[in-house]
Amino acid sequence: PPGFSPESARQDIPILHRTVNGHPLVWLDNGATTQKPRQVIEALGAFYGAANSNIHRGAHTMAREATEMYEAGRSAVAQFLGAGSPDDIVFVRGTTEAINLVAQSWGRANLGPGDDILVATLEHHSDIVPWQLIAKETRARVVPIPLTPEGAIDQDAYADLLSSRTQLVAVSHASNVLGTVPPVKEMTALAHRYGAKVLVDGAQAVAHFPVDVRDLDADFYAFSGHKLFAPTGIGALYAKPEILQAMRPWQGGGNMIESVDFTRTTFAPVPHRLEAGTGHISGVVGLLAALNWFTSFDRDAVAAYETALMTYAQQALATVPGLEVLGSAPERIAVLTFTLAGHDPAGIADWLDRDGIAIRAGHHCAQPALAHYGLESAARASLALYNTSEEVDQLVASLRRLQEAPEAEQPGRI
Ligand code: PMP
């Protein structure tokens, strides 16, 4: 479609021009992590080469410069998510830490015996286990929201599970294993009728379609920078200001206090109250560069391109005998998890790797979603804006060669 060409993204990403096992790299493991444009790599070098300093304390020029960059990163994240203010954004290590923060701070204060936390069956383990941990301590219950055979969230079951006991609904904006994009806005509106809060796991969504947290009316929204062309170790949590302001510290240390006394310590306002210790300053610098890079593209055109590429990939994969893609919900992103009759997923990944094609095999940290299909493991090709139809063709050709190879040469033949 006009407005976006993958070449315009590819030319910025050095790693896409390397070879693996003698073949040009075909990176189809974007659900695990995305590759980085040179703008991000250069921003990290420039920070450490010319601007490194701790922030917020120390009245010197470079501390001020680093503080400005850090806060510019916060403003960019707020704008990217459609938040009303940079103060609504807490920097964290990633989605996992964001959800643990909400569970340990908000959850500890708001959950009690008999309360329900509704968690979609398709959630990543990082949106299940933190709730199990805090539920155990507060004697609340974690209740799974079932899936339909297509891999969508069963909306009738969801409506039936909601009650005045429901304190929180945890749902992904896009599934990392089925690709499903649930109707989060509608689910949020329904949860709010019962007074429940909604946490949206945006880890797989943010790189694929525009997000507006205020339009969704989400109470919490979490994402990881590394799935958005930024470095690992940095991510963000958005929370509605009135919720954030009431949140107690979950970790103590420097940067999060107003004054410390052995009789009484007072805390800084949010978001700083929830950011104990020295933050990942270079990570924020890299995240800012990644957001600047990514938002320079026409986002609707990127989403349209990815949808067209996904449709192409679905049709191409369907021509491989014995291949089945998991999940057929119509609203989805280009995460294509599949099984191939007679082949162990790890063997498929191993074979593709010999051709320079990177996919993921395993449980994808979403064991309940796979169990829904009676599986413990599957192969996953996950696409990003810089992937091309030629790369999809290479994937399909390699899978066909796997099937045609003598059995003794097929890794993981079952
Ligand atoms: N949620 C989803 C939907 C994910 O795909 C992932 C990463 N695979 C996570 C949460 C966890 O993200 P991170 O490991 O970056 O904290």
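What follows is calculated from the coordinates using simple rules that are stated; it is not laboratory data. Predicted model, so just to flag it, every value in this text is computed and none were measured. Using ideal geometry, Cβ is built from the backbone for each residue, glycine included, and neighbour counts are taken over all protein chains shown.
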Span from the the range 276-299 Cα centroid across to the the range 21-37 one, whole angstrom:
20
GluC sites (Glu not before Pro) within the range 289-394: which are DSSP loop residues with at most 13 other Cβ atoms inside 10 Å?
GLU331, GLU376
Can you compute the helix-only [θ] at 222 nm over the chain? Use -39500 (n - 2.57) per DSSP H run of at least 4 residues, normalise by all residues, nearest 500 deg cm²/dmol.
-10500 deg cm²/dmol
Using only C-alpha atoms and all pairs of different ones, pull out the Kirkwood radius for the range 5-152 in Å with one decimal.
19.6
When the chain is treated as a GNM, springs tying every alpha-carbon pair under 10 Å, which of GLY151, GLY286, GLY112 comes out with the largest mean-square fluctuation?
GLY112
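Rounding to the nearest 20 debye, state how big the charge dipole of the range 1-148 is about its Cα centre with +1 on each Lys and Arg Cβ and -1 on each Asp and Glu Cβ.
Values: 12 positive and 15 negative charges, 61 e Å.
So the dipole magnitude of the range 1-148 works out to roughly 300 debye.
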Pick from ILE89, ILE15, ILE117 the residue whose mean-square fluctuation is largest in a GNM of the chain, springs joining Cα atoms under 10 Å.
ILE15
Only bridges whose two residues both fall in the chain count here: according to DSSP, what percent of them are antiparallel, nearest 5?
55
Pairs over 21 Å Cα to Cα, from LYS136/LYS227; LYS36/LYS227; LYS136/LYS197, come to LYS136/LYS227
When the chain is modelled as a GNM with alpha-carbon springs shorter than 10 Å, which of ALA103, ALA50, ALA366 fluctuates the most?
ALA50
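Averaged over every viewing direction, what's the projected area of the C-alpha convex hull for the range 192-340? Give it in nm², one decimal, please.
Details: hull surface 51.1 nm².
About 12.8 nm², averaged over all directions.
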Between LEU323, VAL335, ALA289, whose Cα lies farthest towards the positive end of the dipole of the range 251-361 when Lys and Arg beta carbons carry +1 and Asp and Glu beta carbons carry -1, centred on the Cα centre?
ALA289
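Looking at the range 107-151, which trypsin sites (Lys or Arg not before Pro) are DSSP coil and have at most 15 other C-beta atoms within 10 Å of their C-beta? Present the calculation step by step, with values, prior to reporting the outcome.
Details: sites: ARG108, LYS136, ARG139, ARG141; in loops: ARG139.
Answer in residue order: ARG139.
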Could you state the number of Å between the C-alpha centres of the range 135-170 and the range 195-271?
23
Of the options VAL102, ILE153, ALA78, report the single residue whose Cα projects farthest towards the positive end of the charge dipole of the range 71-175 (beta-carbon charges: Lys, Arg +1; Asp, Glu -1).
VAL102
About its Cα centre, how strong a charge dipole does the chain have in debye, to the nearest 20, once Lys and Arg get +1 and Asp and Glu get -1 at the Cβ?
960
Could you run the Karplus curve 6.51 cos²θ - 1.76 cosθ + 1.60 with θ = phi - 60° over the range 26-36 and give me ³J(HN,Hα) per residue in whole Hz, x for Gly and Pro?
10, 8, 10, 10, 6, x, 7, 6, 9, 7, 10
So if I take the centroid of the Cα atoms in the range 352-367 and the same for the range 51-99, what is the distance between those two points in Å?
34
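Taking the Cα centre as origin and putting +1 on Lys and Arg beta-carbons and -1 on Asp and Glu beta-carbons, what dipole magnitude results for the range 263-356, to the nearest 20 debye? Write down the numbers at each step before the final one.
Numbers: 5 positive and 10 negative charges, 114 e Å.
The calculated dipole for the range 263-356 is roughly 540 debye.
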So for the range 336-387, taking the charge dipole from beta-carbon charges (+1 Lys/Arg, -1 Asp/Glu), which of GLY356, TYR386, ALA366 sits furthest toward the positive end?
TYR386
